[in-house]
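Asker: Okay, handing you the structure first.
The values are calculated or read from the model by the stated rules, or taken from the named source; none is laboratory data. Model, not experiment: these values are computed from the prediction. Cβ placement follows ideal geometry from the backbone for every residue including glycine, while neighbour counts extend to all protein chains displayed.
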Amino acid sequence: MIDVVGWRIDDVVQLIRGKKNTIVRLQLLQSDASPGSPPDTIALIRDKIKLEDQSAKADTVHIIHNGQEMVFGVITIPTFYSDFDAMRRGDKDYKSTTRDVARLLGKLEAQNVDGVIIDLRRNGGGYLNEAVDLTGLFIDRGPVVQVRDTNGQVDVERDQHPGRVYDGPLAVMVDRLSASASEIFAAAIQDYNRGIIIGSQSYGKGTVQRPIDLNRFVRDSNLKLGQIKLTIAKFYRVDGRSTQHDGVTPDVPFPSRLSLMDIGESSQPNALVWDHIKGIRHSDFEELGGILPQLNKQHMLRLSNNPEYEELLAEIDDYKKLRNQKHVSLNEAKRRAEMDKRKRKKDEETEEQDKKDDLLMTESAQVLGDYITLKKNN
């Protein structure tokens, strides 16, 4: 097995790809699994996969905010994808994250939604150009991310398209599994003050790697030397800060058990450290600085009276105690009883997971409702 945590999605895909009807094995560990939980191994038969399975999808969430009904569009983006083969063939309708999201935004605006939420939770990244182009749907031209190579040369990836596809209220949801391209998009939205970032600290994947086939250096075709992956560049936000190690810190935080797990660049023993370079000139769309304290105040006041939020905090506290446990019983009967209890609790938590996801989604809509109300009153 090859550990691919933190890899770019396109690099992972290259490992999974292979000859049709051959078998690839994947070892999976649930992101919210308790310490000591065994991974699951599944075997897949390789076949053609349609991009629709990982395409961006739109939905709506309805809330009552200060006695008034509000409707928000929600666009969930599992990964940053693009069908380059179709694009090279000249297919005018080739699929990509940016194209799909632009189409979904048009449909949501036709429904007169009060605002839009981009859900990037568990989005491990993907194609850099899609993160840049997606940002361009919400800003009017400008730099999106800086890329510094090993020689210190800095290139700037820019949105070159004038105008905005959507210029209404915007929120972006992230969690500890939001990485790489997800962080580039969220960081740009935050630096431009274009929208509100909600959730927990992101992964912190701010480096660019390239796999190099070692067989290119030898002439013996019988040798299988494998690959070496080299870090060739580093990402920096438009304000000069790196997304490496620290990730993106939300404007409005929401607790998650993922934040307690050994996930993210900061958990790696030899990860490159955070640093910064010179920022680059960019626009500010909103003056969020004066609004964010009030948003957080209303956010915490609302959650303090929410029983589902209290259950979530209790669950996080239990997980923290389990992680800090220094001793385990060597008595087989006791250990089996503990494992059975943990399994029953896991099954119960699975049934409640939808409610927890709804809680964060609903609260994100409430925060966006607060923002709209505060802007209207100012």
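Asker: Report, by residue number, each residue of the range 128-142 that is surrounded by fewer than 22 Cβ atoms within 10 Å (Cβ to Cβ) and within 30 Å of VAL4 (Cα to Cα).
Answerer: Across the range 128-142, the qualifying residues are LEU128, ASN129.
Asker: For GLN190, which of the numbered conditions (1) among the polar types (S, T, N, Q); (2) part of a loop (DSSP other than H, G, I, E, B); (3) under 22 Å from ASP251 (Cβ atoms) fails to hold?
Answerer: Here GLN190 meets the rest and fails (2).
Asker: Which condition number in (1) in a loop (DSSP other than H, G, I, E, B); (2) under 30 Å from ASP370 (Cα atoms); (3) not basic (Lys, Arg) is the one that ILE184 fails?
Answerer: For ILE184, the failing item is (1).
Asker: Under 7 Å by Cβ, and 6 or more places apart or on different chains, what pairs join a residue from the range 100-114 that is surrounded by fewer than 22 Cβ atoms within 10 Å (Cβ to Cβ) with one that is in a helix (DSSP H, G or I)?
Answerer: Sorted first by the residue in the range 100-114, then by its partner, the pairs are ASP114/ILE372.
Asker: Test VAL172 against the criterion of being among the aliphatic types (A, V, I, L, M), buried (at least 17 other Cβ atoms within 10 Å of the Cβ), at pLDDT 95 or above and touching a helix residue (DSSP H, G or I) at 6+ places or on another chain (Cβ under 9 Å), and give yes or no.
Answerer: Details: among the aliphatic types (A, V, I, L, M): yes; buried (at least 17 other Cβ atoms within 10 Å of the Cβ): yes; at pLDDT 95 or above: yes; touching a helix residue (DSSP H, G or I) at 6+ places or on another chain (Cβ under 9 Å): yes.
Spelling it out, VAL172 is indeed among the aliphatic types (A, V, I, L, M), buried (at least 17 other Cβ atoms within 10 Å of the Cβ), at pLDDT 95 or above and touching a helix residue (DSSP H, G or I) at 6+ places or on another chain (Cβ under 9 Å).
Asker: Just to be sure I understand, how many residues within the range 214-234 are at pLDDT below 85 and either touching a Gly at 6+ places or on another chain (Cβ under 9 Å) or among the hydroxyl-bearing types (Ser, Thr, Tyr) (or both)?
Answerer: Number satisfying all stated conditions: 2.
Asker: Separate question: In the set LYS320, LYS356, LYS343, LYS326, which member is under 24 Å from the mean Cα position of the chain (by Cα), surrounded by fewer than 13 Cβ atoms within 10 Å (Cβ to Cβ) and at pLDDT below 90?
Answerer: Details: LYS356 fails: surrounded by fewer than 13 Cβ atoms within 10 Å (Cβ to Cβ); LYS343 fails: under 24 Å from the mean Cα position of the chain (by Cα); LYS326 fails: under 24 Å from the mean Cα position of the chain (by Cα).
After ruling out the rest, the residue left standing is LYS320.
Asker: With touching an Asp or Glu at 6+ places or on another chain (Cβ under 6 Å), in contact (Cβ under 8 Å) with a residue 40 or more places away in the chain and closer than 26 Å to LEU170 by Cα as the only criterion, which of ASP239, ASP251 stands out?
Answerer: Details: ASP251 fails: touching an Asp or Glu at 6+ places or on another chain (Cβ under 6 Å).
Selected residue: ASP239, the only one of ASP239, ASP251 that is touching an Asp or Glu at 6+ places or on another chain (Cβ under 6 Å), in contact (Cβ under 8 Å) with a residue 40 or more places away in the chain and closer than 26 Å to LEU170 by Cα.
Asker: Which residue pairs have Cβ atoms closer than 7 Å, lie 6 or more positions apart in sequence or on different chains, and pair a first residue in the range 188-204 that is touching a residue at least 12 places away in the same chain (Cβ under 8 Å) and on the phi > 0 side of the Ramachandran plot with a second residue that is crowded, with 24+ Cβ neighbours inside 10 Å and among the hydrophobic types (A, V, I, L, M, F, W, C)?
Answerer: Between residues of the range 188-204 that are touching a residue at least 12 places away in the same chain (Cβ under 8 Å) and on the phi > 0 side of the Ramachandran plot and residues that are crowded, with 24+ Cβ neighbours inside 10 Å and among the hydrophobic types (A, V, I, L, M, F, W, C), the close pairs are GLY199/MET173; GLY199/VAL174.
Asker: Right, something else. Of all the residues that make up the range 41-87, how many are among the acidic types (Asp, Glu) and either in contact with a Cys (Cβ under 8 Å, 6 or more places away or on another chain) or surrounded by 10 or more Cβ atoms within 10 Å (Cβ to Cβ) (or both)? Show your work before the answer.
Answerer: Looking only at the range 41-87, we keep the residues that are among the acidic types (Asp, Glu), and these are 47, 52-53, 59, 69, 83, 85.
Retained after the next criterion (residues that are either in contact with a Cys (Cβ under 8 Å, 6 or more places away or on another chain) or surrounded by 10 or more Cβ atoms within 10 Å (Cβ to Cβ) (or both)): 59, 83.
The qualifying residues number 2.
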